[in-house]
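Read through the structure below, which is laid out as structure tokens, and then see the notes.
Rule-based calculations on the coordinates, nothing more; no lab input. Because the structure is predicted, anything quoted here is derived from the model rather than measured. Neighbour counts run over all protein chains shown; Cβ positions are idealised from the backbone, glycine included.
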Amino acid sequence: MIYADNAATTKMSDAAVQTLTDLLKDTYGNPSSLYEFGQKAKEVLEQARRDVAEAIGAQPNEIIFTSGGSEADNQAILSAAKMGALKGKKHIISTAFEHHAVLHTLRKLEKEGYEVTYLDVHSNGLVTASQVADAIREDTCLVTIMYANNEIGTIQPIREIGEVCKAKNVTFHTDAVQAVGHIPVNVVDDNIDMLSASGHKFHGPKGVGFLYVKKGIKVFNLIEGGAQERNRRAGTENVPGIAAMATALKESVANLDSYKAKLTPIRDKIIKGIGEIPHSALNGDAVSRVPSNINYCFEGIEGESLLLLLDDKGIAASSGSACTSGSLDPSHVLLAIGRIHDVAHGSLRLSLGEDITDEDADYIIKSVREVVEYLRGFSPVWRDLVAGKKEFIL
Amino acid sequence: MALYSEKVMDHFRNPRNVGVLEDANGIGEVGNAKCGDIMKMYLKIEDDIVKDVKFETFGCGSAIASSSMATELIKGKPVSEARQLTNKAVAEALDGLPDYKMHCSVLAQEAIESALKDYESRQEKK
Ligand SMILES: Cc1ncc(COP(=O)(O)O)c(C=O)c1O
Ligand code: FES
């Protein structure tokens, strides 16, 4: 199988598995216990905190371990909103193509009387710092904009956005779940106040993540209970999971240059090869995108069928098609960049892993071409397009 | 467990009666407003019998399998029987569909209904 769905989740690295299993077996003490065995677990936990902090240019006491990216997003946004309300500020700025962990949290806040401005995303999948500057008001308490988009891989100008927020004294959170471990991220250089990340997107385990909170920014805990994480996240810490995440992150960050050097040409080769399919279009900017992401729309076909046939050919990928969503709505990300429903329906996301080879790339290109051609062969929509009864969009 | 039954996957991978009938005398095209999928049925009816049937589908795996199965269920059958084909029968013949994919079989039923209606209106005009 060619696993090309690394944006959904990644395989754990050998080193991370080793850390996890060793600790599960031998370091099961509770870090809150005072005896030596508990303190051993505490030491592992604090080393992981130092490692995670270092990987993003933060201080150890600025890291809160969570159950993943979703929890980190929820905690960051709800905290900033609550802080804002205390000062009479109930306006939030975000974008239309955030992950649901952000969007659904914002929707909840809207129901509670907050006002949210969703910035339009340009057709290349980017927002600009000046859009943010224009949207900031006296009562803006938070700007939350993702670092890299999970579907189309576009990298936002986070540093510039952070600068704008800093100058206007507005808290800036970024969902960096698809960025951390994939591209260089430095919370200080990038002017970030809060950042969410998730272990399973960079070869760590699932169900573990972290929230970076800059010193001086207040957060509230979502989960009440013990005094873990300096009173900001109750619950006995998942020490093996957290340490395995730190191991994976250290590795990923150490290999960022080789990761980029290896994946970029393969990504671009696939983009070019698939781009030769008539009436197809790349989603998202070709340059400002993570090295692993390829996302295409094909006119006249539907994405779930495409995925099932690629699966038969041993390729695991994903789609923003309505038919794969359960809700029967096409991807809000593709709609946000201006793809109409019919076209968003025929989308394909490939997210590559480090183990991809040049031959895999050739095979992917060939397979996608075959499958698209096959499905178009009995698509009534394609027939109408070819017959000129409908206008091509792509 | 796989998303779909073996039957669904079989009809999806090897759809029966796929394509266009040049001499069709009943053609129906329907779309699902919700997911945006489109299905087209071509019927060739002679002596009140569905002599031949073909389909084209722009849609998910379950929509393609449903259209394929529906064509099999009505091919060679009297029009009166074809008219009574329900989406439930299609789904059952496929060994079931996930709940949120039942509407795909509705599309197959509606495409056949629409093609039969077209056939009838053509007959009236004669
Ligand atoms: C951009 C983004 N944010 C948040 C999440 C949620 O992370 P988790 O699965 O760790 O809760 C994901 C992963 O699906 C993601 O891609
Ligand atoms: S027809 Fe769209 S989900 Fe099946």
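Isolated cysteines in the protein assembly as shown, defined as those with no second cysteine Cβ under 4.7 Å, comprise A:CYS141, A:CYS165, A:CYS297, B:CYS35, B:CYS104.
Close amide H contacts of B:VAL50 (hydrogens built in the peptide plane, cut-off under 5 Å, sequence separation of 5 or more or a different chain): B:GLY76, B:LYS77, B:VAL79. The trypsin sites (Lys or Arg not before Pro) of region A:31-117 that meet both conditions, a loop assignment by DSSP and at most 13 other Cβ atoms within 10 Å of the site Cβ, are A:LYS87. Its Cα gyration tensor gives chain B an equivalent ellipsoid; the semi-axes, largest first and in whole Å, are 24, 14, 12. When the charge dipole of the protein assembly as shown is built from unit charges on Cβ atoms (+1 for Lys and Arg, -1 for Asp and Glu) and taken about the Cα centre, the candidate among A:GLN59, A:ILE270, B:VAL20 whose Cα reaches farthest toward its positive end is A:GLN59.
For region A:249-293, the convex hull drawn through the C-alpha positions has a volume of 69 cubic angstrom per residue.
For region A:227-373, the alpha-carbon radius of gyration amounts to 1.26 times the rule-of-thumb value 2.2 N^0.38 Å expected for a compact globular protein.
Arranged by the count of other C-beta atoms within 10 angstrom, fewest first, what order do A:MET12, A:MET245 take?
In order of increasing Cβ crowding within 10 Å: A:MET12, A:MET245.
Inter-label distance, A:ILE223 to A:TYR118: 2.9 nm, where each label sits 7 Å from its Cα along the C-beta direction.
The alpha-carbon atoms of the protein assembly as shown, seen along their principal axes, cover 88, 53, 44 angstrom, with the largest extent given first.
Shown for A:GLU36, A:GLU373, A:GLU354: other C-beta atoms within 10 Å of each C-beta, ranked fewest to most, produce the order A:GLU36, A:GLU373, A:GLU354. Once both labels are positioned 7 Å from their Cα atoms along Cα-to-Cβ, the gap between B:GLU72 and A:THR128 label points is 5.7 nm.
Over region A:14-67, Cα pairs under 8 Å with separation of 6+ residues give a relative contact order of 18 percent. Projecting the Cα atoms of A:GLY113, A:THR357, B:VAL53 onto the dipole axis of the protein assembly as shown, where Lys and Arg carry +1 and Asp and Glu carry -1 at the beta carbon, places A:GLY113 farthest toward the positive end.
Adding -39500 (n - 2.57) for every DSSP H run of four residues or longer, then dividing by how many residues chain B holds, sets the calculated 222 nm ellipticity at -14000 deg cm²/dmol. Backbone phi angles across region A:44-61, fed through the Karplus curve with coefficients 6.51, -1.76 and 1.60 (θ = phi - 60°), yield HN-Hα couplings of 4, 4, 6, 5, 4, 5, 5, 5, 5, 4, 4, 4, 10, x, 9, 9, x, 6 Hz in residue order; Gly and Pro are listed as x.
Amide H contacts of A:ASN186: none lie under 5 Å away among residues 5 or more positions distant or on a separate chain (H built 1.01 Å from N in the peptide plane; Pro and chain starts excluded). Once the Cα-Cα distance is subtracted from the 0.36 nm per residue extended length, the A:LEU34 to A:ILE340 segment shows a gain of 104.2 nm. When only alpha carbons are used to place a centre, region A:161-184 and region A:66-100 end up 13 Å from one another. Reported value for region A:160-236: 97 Å³ per residue, from the convex hull of its C-alpha atoms.
Legend: distances between Cα atoms for A:LYS25/A:LYS214; A:LYS89/A:LYS214; A:LYS206/A:LYS260; pairs beyond 28 Å are A:LYS25/A:LYS214.
Computed from Cα positions, the angle between helix A:239-254 and the longest principal axis of chain A comes to roughly 60 degrees.
Here A:ARG159, B:ARG16, A:ARG230 are placed in order of increasing Cβ neighbour count within 10 Å, fewest first, which gives A:ARG230, A:ARG159, B:ARG16. Beta bridges assigned by DSSP with both partners in the protein assembly as shown are antiparallel in approximately 65 percent of cases.
Computed from the C-beta positions of A:ASP22 and A:LYS313 and an R0 of 45 Å, the FRET efficiency is 0.75 to the nearest 0.05. Cross-link pairs exceeding 23 Å in C-alpha to C-alpha distance, out of A:LYS390/B:LYS34; A:LYS201/A:LYS366; B:LYS51/B:LYS117; A:LYS11/A:LYS108; A:LYS111/A:LYS166, comprise A:LYS201/A:LYS366; A:LYS11/A:LYS108; A:LYS111/A:LYS166. In terms of overall dimensions, the C-alpha atoms belonging to region A:122-161 reach 33, 16, 16 Å along their principal axes, ordered largest to smallest. Scanning residues 5 or more positions from A:ILE2 or on other chains, those with amide H under 5 Å from its amide H are A:ILE315, A:ALA316, with H placed 1.01 Å from N in the peptide plane.
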